[in-house]
Amino acid sequence: MQTPPTIHLAPGARPQAETRIHQSWARCADLDPALLADPNPLTRADLDLRREANHHLLRLAEPCLDALGALGDSAHSVVLLADASGLILHERGSRSFQDKARRVALQPGVSWAEPLRGTNAIGTALHDGRAVRIHGAEHFLACNSILSCHAAPIFSATGEILGILDLSGPADDMRDYVLTLVQRMARGITDQMLCESPLRRLDF
């Protein structure tokens, strides 16, 4: 059995963040890391179908992907957008880090839901419905300890999770402001979802 990780809390972070990561590890305790080989991504045709099914999310997220992608490029990181199942739909940012991320299957066409990749920012944010940072050895799979990942959910007008916004970079460069930035961007996309919802028009 793997030993639970030491949690790296950002300055001012609540102790609940440590509890949530340990809870995620407990959920993943029965997963066999030896069986979690890096999966092959979806074919281009299948990925295009998933993107088409999430075209509204992708359209509203485009400005945030551009903004975070520019940051990611300068900070040797990548910004990722996943759907409600944890499947990564899109990536932007540093080409050099994209190559490193692909070595652990952090790329479009791969699901990072907890049952498939263990404790990780996309999967844990999806499970909890809350933003989270998973840094280095806090990842359940040792191979993912090269990553420092910050993810936040995007919600529909009715409160359902539509997707996850994530910014991931190298574990040796942890930046405390990134999670707050990703949260704000995800909240902005959620606000746009609400503005365009038929439910909002019923209020007038």
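The values are calculated or read from the model by the stated rules, or taken from the named source; none is laboratory data. Just so it is clear, the structure is predicted and the values come from calculations on it, not from any experiment. Note: ideal-geometry Cβ built from the backbone for every residue, glycine included; neighbour counts use all protein chains shown. Each accessible area value is taken on the protein alone, full model and side chains, heavy atoms only, with ligands, DNA and RNA left out. Shrake-Rupley method; radii C 1.70, N 1.55, O 1.52, S 1.80 Å.
Computing semi-axes √(5λ) of the Cα gyration tensor in Å for the structure here picks out one of (1) 26, 19, 17; (2) 63, 18, 14; (3) 45, 20, 13, namely (1). Within the accessible area of region 78-204, the carbon and sulfur atoms contribute 54%, probe 1.4 Å, all protein chains present.
Let me spell out the model: positive unit charges on the Cβ of Lys and Arg, negative unit charges on the Cβ of Asp and Glu, origin at the Cα centre of region 69-145. What dipole size does that give, in debye rounded to 20? Computed charge dipole of region 69-145: roughly 180 debye. Pick from His76, His135, His150: which is most flexible by mean-square fluctuation in a GNM of the chain where alpha carbon atoms under 10 Å apart are linked? Highest fluctuation of the listed residues: His76. How would you classify region 77-156 from its alpha-carbon gyration tensor, with a ≥ b ≥ c the square roots of the eigenvalues: rounded for a/c under 1.5, else prolate if a/b is greater than b/c, otherwise oblate? In terms of gyration-tensor shape, oblate. Under a model in which nothing but the beta-carbon of Lys, Arg (+1) and Asp, Glu (-1) is charged, region 51-198 shows a dipole of about 200 debye around its Cα centre. Considering only Leu42, Leu167, Leu116, the mean-square fluctuation computed in a Gaussian network model of the chain, springs between alpha carbons under 10 angstrom, is largest for Leu42.
Per residue, the solvent-accessible area of the chain (1.4 Å probe, heavy atoms of protein chains only, all protein chains present) comes to 49 Å².
Where q = 0.10 Å⁻¹, what log10 of I(q)/I(0) comes from the Debye formula for region 113-204, counting one point per Cα? After summing over all Cα pairs, the log10 values are -0.29. Of the residues Glu138, Glu52, ranked by 1.4 Å probe accessible area with the largest first, the sequence reads Glu52, Glu138.
Okay, which of region 141-162 sit inside 12 Å, backbone N to the point 7 Å along the Cα-Cβ direction of Leu194? Only 155-159 pass the distance filter.
Taking square-rooted eigenvalues a ≥ b ≥ c of the alpha carbon gyration tensor, is region 31-100 rounded, prolate or oblate, where a/c under 1.5 means rounded and, failing that, a/b exceeding b/c means prolate? The shape class here is oblate. For the chain, the mean residue ellipticity at 222 nm estimated from helices alone is -12500 deg cm²/dmol, where every DSSP H run of n ≥ 4 contributes -39500 (n - 2.57) and the total is divided by all residues, rounded to the nearest 500.
Which FRET efficiency value, to the nearest 0.05, do you get for Ala142 and Met174 by plugging their Cβ-Cβ distance into 1/(1 + (r/R0)^6) with R0 = 25 Å? Computed FRET efficiency for Ala142 and Met174: 0.90. Ordering Thr190, Thr158 by accessible surface, largest first, gives Thr158, Thr190; the 1.4 Å probe counts only protein heavy atoms, with every chain in place.
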